[in-house]
1. Return the residue satisfying two criteria in turn: it lies in segment 180-204 and is of a type in the set (S, T, N, Q) and part of a helix (DSSP H, G or I), and of such residues it is surrounded by the fewest Cβ atoms within 10 Å (Cβ to Cβ).
2. Being in the same structural domain as GLU208 (by TED's automatic domain parsing), modelled with pLDDT of 95 or more, within 30 Å of GLY197 (Cα to Cα) and under 16 Å from the mean Cα position of the chain (by Cα) is true for just one of ALA119, ALA107, ALA93. Which residue is that?
3. What are the pairs, 6+ residues apart or on separate chains, where a residue within segment 86-115 that is free of Cβ contacts under 8 Å to residues at least 60 places away in the same chain has its Cβ under 6 Å from a residue that is of a type in the set (Ser, Thr, Tyr)?
4. Based on this model, can you work out whether PRO38 counts as out of contact with any strand residue (DSSP E or B) (no Cβ under 8 Å at 6 or more places or on another chain) and buried (at least 20 other Cβ atoms within 10 Å of the Cβ)?
5. Does THR126 qualify as being among the hydroxyl-bearing types (Ser, Thr, Tyr), free of Cβ contacts under 8 Å to residues at least 40 places away in the same chain and farther than 15 Å from ALA89 by Cα?
6. Identify all residues within segment 163-179 that are surrounded by fewer than 19 Cβ atoms within 10 Å (Cβ to Cβ), part of a helix (DSSP H, G or I) and not charged (D, E, K, R); write none if there are none.
7. Just for segment 71-84: of the residues that are part of a loop (DSSP other than H, G, I, E, B) and out of contact with any Leu (no Cβ under 8 Å at 6 or more places or on another chain), which one is surrounded by the most Cβ atoms within 10 Å (Cβ to Cβ)?
8. Look at segment 85-105 and say how many of its residues are buried (at least 18 other Cβ atoms within 10 Å of the Cβ) and over 15 Å from TYR205 (Cβ atoms).
Amino acid sequence: MTPGVTETDGLRTEPRRSIAEQIAAQLRKDILSAVLAPGEPLRQDHIAQRFNVSQAPVREALRQLASEELVTYQVNCGVRVPLLEKAEAAETARLRLQLEPDLVAAATRNFGPTDRRRAEAAIALTIQANDVPARLEADEAFHNAIYSPAGRPITLHIVQQLRQRYVRYLGFMWRHSRHAETSLDEHRELLGLMCGGQMQAARRYLKEHVRASTNAVLEALANQQT
């Protein structure tokens, strides 16, 4: 198969999204679903052919994906889907463990009915998700819902950047393990602790949640290399 091409896709007219945004959305889904595998080259001309567009919106789409850490520009190699590295996953997890438990404890102090409804809606989306990208989107919605009430916008922004870097690892792990259902159960338990105002218990539980997810990621990566 031609690198960066799965099949010819026509872009529907979507007034709220530019052509570049539509291309980025489809490539993002392909990367997170491993239709475009780690290390795979992405040729601009082939992508333009796939979507029947010029290369200008393709370049814009790839720049957007690069800002999300979903593609990388390499000298003399062009654009590629980044490889998955155990060291990167472990380092990202260590940084998350420094920030997210305190963030969820602070959020628990301020957690109200509106916050609970947002988190419950995200859990409902997780249950309805029928593919990895949809589940990842619901997972991000849940974590934003439980962290936002902390009232710490700088910390939240840093956490969102870390989670953005981590999202391919999470999707990879969910494709190669049965941890997705475990994660959903843990979200329900964590939400219950927060709704009950149990700050320290929520902090401890979130820490274990991140550790368990990281261990599952590292195990899935190790299994792929054997």
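The values are calculated or read from the model by the stated rules, or taken from the named source; none is laboratory data. Keep in mind the model is a prediction, meaning the values are calculated, not measured. Every residue, glycine as well, gets a Cβ built from its backbone with ideal geometry; the counts of neighbours run over all protein chains shown.
1. GLN200
2. Of the residues listed, the single one that is in the same structural domain as GLU208 (by TED's automatic domain parsing), modelled with pLDDT of 95 or more, within 30 Å of GLY197 (Cα to Cα) and under 16 Å from the mean Cα position of the chain (by Cα) is ALA93.
3. Within 6 Å, the pairs are LEU103/TYR147; LEU103/THR155.
4. no
5. no
6. Residue satisfying the conditions is GLN164 alone.
7. LEU83
8. Adding up the residues that qualify gives 3.
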